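Below is one structure, written out as structure tokens; the observations come after it.
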């Protein structure tokens, strides 16, 4: 398997190369696939790999375990099962430090469920339910930036067919992009036990979002919704393009608001913020275009995550004299899911 260097950044004063790779099958015959991200931090004086240069990695057996990494002829062992793993040279010399992460692709959700059931069979108990979240959900996605290739209904039907064939009574709950009562009924008729919905409830009086944010959701156009990679978790995230969190350069507030760390104990936003501070030493304020401080912005309601169909919310309400949209009640939305037919949406009285 080959990976190609795509960018560089500085972390902790050491030069860093960041890599990406195409999806590759795991060599264990399971049919699972893994997307791998590798960052090699070279020690001073060790030289640097060139952008575009290919290096090899050898993926080992397991869902989220890489057993060996090779960068510039150095292949330290990688151990542990955390999503982000650190490989350090055993003899303490100045060889590079390698970070490796991977995740199972969402189009193999069924195989992931099969692995989970097999691994937990010793418990002699099935899951109470399984939520199948599709690519149109809001906030963090369990998909890559190729999320548009995948379809919740296809994934759900594949899982339902498997459970029927194996006579496993596990309730399945689809989620992500279920906007009308007709959408919900179609999943229930296909065999789902329930549906999980959220977007339409974000503009209800009972929702805890500030009213001005609810109005932003109402006003959003389809082209004002994006999936980006600014989350320090490394997962794609769907949000409104106008979110104040995008491009903000606030000082990290981890101590005050909590920590959002990767498997190595680092925060990608802190690294990005420090990079911008070093690049603009005279600036009173900096902008961080590629990452955001979720700890701060989620707390302040400035990271406006949303579902794919948020642009349709304006069609679920009426406008008031001042141009704003009428907030709904949770009861109204719930009853509309229960009783609406033919893809229709009931407007508030």
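The values are calculated or read from the model by the stated rules, or taken from the named source; none is laboratory data. On a predicted model such as this, the values are computed, not experimentally measured, just so you know. Neighbour counts run over all protein chains shown; Cβ positions are idealised from the backbone, glycine included.
Of all residues in the range 249-301, how many are on the phi > 0 side of the Ramachandran plot and either at pLDDT 85 or above or buried (at least 19 other Cβ atoms within 10 Å of the Cβ) (or both)?
1
Quick check on residue 206: is it outside any helix (DSSP H, G or I), surrounded by fewer than 16 Cβ atoms within 10 Å (Cβ to Cβ) and modelled with pLDDT of 95 or more? Before the answer, list the steps.
Numbers: outside any helix (DSSP H, G or I): yes; surrounded by fewer than 16 Cβ atoms within 10 Å (Cβ to Cβ): yes; modelled with pLDDT of 95 or more: yes.
Taking the combined requirement at face value, the residue satisfies it.
Scan the range 209-220 for residues that are in contact (Cβ under 8 Å) with a residue 12 or more places away in the chain and either assigned to a loop (DSSP other than H, G, I, E, B) or over 23 Å from the mean Cα position of the chain (by Cα) (or both) and the total you get is 7. Residue selection: residue 95 fails the criterion of being more than 18 Å from residue 235 (Cβ to Cβ), in contact with a strand residue (DSSP E or B) (Cβ under 8 Å, 6 or more places away or on another chain), in a strand (DSSP E or B) and modelled with pLDDT under 50. Considering only residues in the range 180-198 that are assigned to a helix (DSSP H, G or I) and touching a helix residue (DSSP H, G or I) at 6+ places or on another chain (Cβ under 6 Å), the one that is nearest to residue 315 (Cα to Cα) turns out to be 181. Among residues of the range 154-192 being closer than 29 Å to residue 344 by Cβ, in contact with a strand residue (DSSP E or B) (Cβ under 8 Å, 6 or more places away or on another chain) and free of Cβ contacts under 8 Å to residues at least 40 places away in the same chain, the one that is surrounded by the fewest Cβ atoms within 10 Å (Cβ to Cβ) is 191. Within the range 112-130, residues that are touching a residue at least 24 places away in the same chain (Cβ under 8 Å) have Cβ atoms under 6 Å from residues that are surrounded by 14 or more Cβ atoms within 10 Å (Cβ to Cβ) and assigned to a helix (DSSP H, G or I) in no pair, counting only partners at least 6 apart in sequence or on another chain.
Do we have residue 231 as part of a loop (DSSP other than H, G, I, E, B), at pLDDT 95 or above, farther than 23 Å from residue 345 by Cα and under 20 Å from the mean Cα position of the chain (by Cα) here? Please lay out each step first, then the result.
On the way: part of a loop (DSSP other than H, G, I, E, B): yes; at pLDDT 95 or above: no; farther than 23 Å from residue 345 by Cα: yes; under 20 Å from the mean Cα position of the chain (by Cα): yes.
Answer is no for this residue.
Among the residues in the range 111-124, are any in contact with a helix residue (DSSP H, G or I) (Cβ under 7 Å, 6 or more places away or on another chain), buried (at least 17 other Cβ atoms within 10 Å of the Cβ) and at pLDDT 80 or above?
Initially, the range 111-124 is screened for residues in contact with a helix residue (DSSP H, G or I) (Cβ under 7 Å, 6 or more places away or on another chain), giving 113.
After this cut, where a residue has to be buried (at least 17 other Cβ atoms within 10 Å of the Cβ) as well, the list is 113.
Narrowing the set further to residues that are at pLDDT 80 or above leaves 113.
Yes, the range 111-124 has at least one match.
Here's the yes/no breakdown for (1) more than 27 Å from the chain's Cα centre (by Cα); (2) under 19 Å from residue 198 (Cβ atoms):
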{"position": "283", "(1), (2)": "yes, no"}
{"position": "303", "(1), (2)": "no, yes"}
{"position": "321", "(1), (2)": "yes, no"}
{"position": "325", "(1), (2)": "yes, yes"}
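Is it the case, given these coordinates, that residue 238 is touching a strand residue (DSSP E or B) at 6+ places or on another chain (Cβ under 9 Å), in a strand (DSSP E or B), surrounded by 21 or more Cβ atoms within 10 Å (Cβ to Cβ) and at pLDDT 95 or above? So that I can check it myself, show each step before the final result.
Values: touching a strand residue (DSSP E or B) at 6+ places or on another chain (Cβ under 9 Å): yes; in a strand (DSSP E or B): yes; surrounded by 21 or more Cβ atoms within 10 Å (Cβ to Cβ): yes; at pLDDT 95 or above: yes.
It is true that residue 238 is touching a strand residue (DSSP E or B) at 6+ places or on another chain (Cβ under 9 Å), in a strand (DSSP E or B), surrounded by 21 or more Cβ atoms within 10 Å (Cβ to Cβ) and at pLDDT 95 or above.
Within the range 276-305, the set of residues being touching a residue at least 60 places away in the same chain (Cβ under 8 Å) and not in a loop (DSSP other than H, G, I, E, B) comprises 278, 294, 305.
From the list 144, 177, exactly one residue is farther than 24 Å from residue 338 by Cβ and in a loop (DSSP other than H, G, I, E, B). Which is it? I'd like the intermediate steps shown before the answer.
Details: 177 fails: farther than 24 Å from residue 338 by Cβ.
Answer to the selection: 144.
The single condition from (1) touching a helix residue (DSSP H, G or I) at 6+ places or on another chain (Cβ under 6 Å); (2) not in a loop (DSSP other than H, G, I, E, B) that residue 245 fails is (2).
Give the residues of the range 306-321 that are loosely packed, with under 14 Cβ neighbours inside 10 Å and part of a helix (DSSP H, G or I), sorted by residue number.
First pass over the range 306-321, keeping only residues loosely packed, with under 14 Cβ neighbours inside 10 Å: 315, 318-321.
Scanning the range 306-321 gives a single hit, 315.
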